[in-house]
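The values are calculated or read from the model by the stated rules, or taken from the named source; none is laboratory data. What you see is a predicted model, and the numbers here were worked out from it, not measured in a lab. Neighbour counts are summed over all protein chains in view; Cβ atoms, including those assigned to glycine, are modelled from backbone coordinates with ideal geometry.
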Amino acid sequence: MAVLERDPDSVGIEPPSSFALRYVVPGVVASLLITLGSLGVGWLPVSSGLNSVPLVESLRGSSSGTIISKISVLLGVGLLLQSWLALGYGVMHSSLRDARRLWGTMVAWGLPLLFAFPLFSRDVYSYFAQGLLLQEGKDPYTSGVVAIPGWFGTGADPLWGESPAPYGPLFLILERGVADFTGGDPLFGAYVFRFIAVIGVAMMAWGVVRLAQMHGIDSSKALWLVALNPLVYMHFVVGIHNDALMVGLITVAFVMALDRRCVTAVVLIALAGAVKPIGLLALPFIGLIWAGTRAGFWTRVTKWVYAGLIVVVVFAVLSLLSRTGLGWLDALATPGKVRTWLSPPTALGMITGQVTTWAGIASVDTMVAVMRALGQVAALGFIAWLALKPEGRSATRAAGLAFAAIVFLGPVVQPWYVLWGLPLLVAAGLRRNEFRIVLLGTAVFTLHALATSSSTQDTYLQLSEGIGLLIVAGIIAVVLMTSPRERRLLLGAPGDPGLLPENPIAAGVAARRVIVGPDADPPRTAG
């Protein structure tokens, strides 16, 4: 049997002071750099009084200040990624399994980011502007934020100025509440939305730990891979996307379902869908858990019907409270206005469209529409198969795969979309190659956000997406060549199992979550 080379970290438990210096401090420094850089290149409403603060004014009002701020963000995110990989090597290949240390590291890395100006996206200001719409008695499902006098001063992105809100009624209630609470101050509103997003992150972190335990997966590894992931800090904490709340609700819902509190789980999924309707994708898999691993088809159908009725009731109540109707159904296509090379169907449509345009057959727009339609059909077919033929996998894993399919076969891929199903996939276990894909994907999406304009205002050091992807590839190549530990973590080594149960007891726990159907042989009992 081949024996892996022993690493010096693999013996004993690292003293707290050494752990802090090696893993905690670099991540805190990274967060401080990002926060400092956000003062110069983060999104700040033109109406904010902070524009006149001397430090902010000097960083934002000069080319040198903007460049320094941009470099600070670049260095900070790069260091945050490296800190995460270094910690991951310790968690995966040595004795760094102390959950308390990991929870402490998660909090320490995140604290400085709570004070950062929004970065990597300004969607949070659109949330706030939609709250102002509701204050004025307008329906965000039919009116864009341009209907607000002086809307540009709120910081909302003009790209979405005339677009209807693609969010569910619960989030509209939160938007109205934030607008009322902050007295019309968009930056204050952004920080309140960040508090809501952090609640979602905390729910996700707690949920992934419990889910991992329920599937025989080491909870410390799951906590590191999900909750300390740089994408979570960048897009949930700093970027303040409402996806954080949706993902947190979904993750806790699966914990409730596996704990046999299935009605509560369905209500939580309904609330997740009432934040972003895509959250309802988890509903059929909660139904599978409700039915049980040995249920037949019609038992599953019955649970799906019950779950659907509960969701209808929850949405009806929330729609009455928000004084909105079902306009979110028409607004689901809003994000599809964006074209990105990160979406395989869209990228394929743009490539083939160039060829068909040259040949005089079809335009780029036509080919993009065709490829997107094919991608959506493929995604829906795969999801239907996961729900209707679930035998051989856990419902948690099936739900994670469903979210992955709807993201990567969908018309638009944003870096934070990959977090929709990540907690479920990780908690259910990752095979060796799947584990590598998650790590490399995190590295690519983390660095990609820096190489494109999404990480700063429309100002200096902007790069096209194509050049950005090349830079990402170069940076990852350098990391792999210069750091043996990160290279082994990212690429793996002979004997690395991935993220799977580590002993027979854990394997037995995982096996009990696998759906077997009514025709499976009954489990053997000892004796």
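Name every residue in segment 87-121 that is surrounded by 18 or more Cβ atoms within 10 Å (Cβ to Cβ), hydrophobic (A, V, I, L, M, F, W, C) and either assigned to a helix (DSSP H, G or I) or touching a Cys at 6+ places or on another chain (Cβ under 7 Å) (or both), in order of residue number. Of everything in segment 87-121, those that are surrounded by 18 or more Cβ atoms within 10 Å (Cβ to Cβ), hydrophobic (A, V, I, L, M, F, W, C) and either assigned to a helix (DSSP H, G or I) or touching a Cys at 6+ places or on another chain (Cβ under 7 Å) (or both) turn out to be 87, 91, 92, 102, 106, 109, 113. Scanning segment 128-173 for residues that are part of a helix (DSSP H, G or I), buried (at least 21 other Cβ atoms within 10 Å of the Cβ) and under 24 Å from the mean Cα position of the chain (by Cα) turns up 128, 129, 130, 131, 160, 169, 170, 171, 172. Tallying residues that are modelled with pLDDT of 90 or more and over 20 Å from the mean Cα position of the chain (by Cα) within segment 88-107 yields 2.
Answer with yes or no whether residue 230 is touching a Ser or Thr at 6+ places or on another chain (Cβ under 6 Å) and either of a type in the set (Ser, Thr, Tyr) or buried (at least 20 other Cβ atoms within 10 Å of the Cβ) (or both).
yes
Residues in segment 240-252 that are in a loop (DSSP other than H, G, I, E, B) and of a type in the set (A, V, I, L, M, F, W, C): 240 alone.
Matching residues to (1) under 16 Å from the mean Cα position of the chain (by Cα); (2) within 19 Å of residue 224 (Cβ to Cβ); (3) modelled with pLDDT of 85 or more:
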position: 373; (1), (2), (3): no, no, yes
position: 410; (1), (2), (3): yes, no, yes
position: 427; (1), (2), (3): yes, yes, yes
position: 431; (1), (2), (3): no, yes, yes
position: 435; (1), (2), (3): no, yes, yes
position: 440; (1), (2), (3): yes, yes, yes
position: 445; (1), (2), (3): yes, yes, yes
position: 453; (1), (2), (3): no, no, no
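Flag: residue 167 does not match the condition of being closer than 20 Å to residue 318 by Cβ and touching a Gly at 6+ places or on another chain (Cβ under 9 Å).
So that you can scan it fast, the table gives a plain yes or no per residue for (1) out of contact with any Lys or Arg (no Cβ under 7 Å at 6 or more places or on another chain); (2) part of a helix (DSSP H, G or I); (3) surrounded by fewer than 20 Cβ atoms within 10 Å (Cβ to Cβ); (4) hydrophobic (A, V, I, L, M, F, W, C):
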{"residue": "287", "(1), (2), (3), (4)": "no, yes, no, no"}
{"residue": "302", "(1), (2), (3), (4)": "yes, yes, yes, no"}
{"residue": "305", "(1), (2), (3), (4)": "yes, yes, yes, yes"}
{"residue": "320", "(1), (2), (3), (4)": "yes, yes, yes, yes"}
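Pick out, from segment 1-78, the helices (runs of 4 or more DSSP H) lying fully within it that include 1 or more residues that are modelled with pLDDT under 85 and under 32 Å from the mean Cα position of the chain (by Cα).
In segment 1-78, 16-19, 54-60 are the helices (runs of 4 or more DSSP H) which contain 1 or more residues that are modelled with pLDDT under 85 and under 32 Å from the mean Cα position of the chain (by Cα).
From the list 237, 208, 255, 266, the lone residue that is under 14 Å from the mean Cα position of the chain (by Cα), within 20 Å of residue 513 (Cβ to Cβ), touching a residue at least 24 places away in the same chain (Cβ under 8 Å) and assigned to a helix (DSSP H, G or I) is 208.
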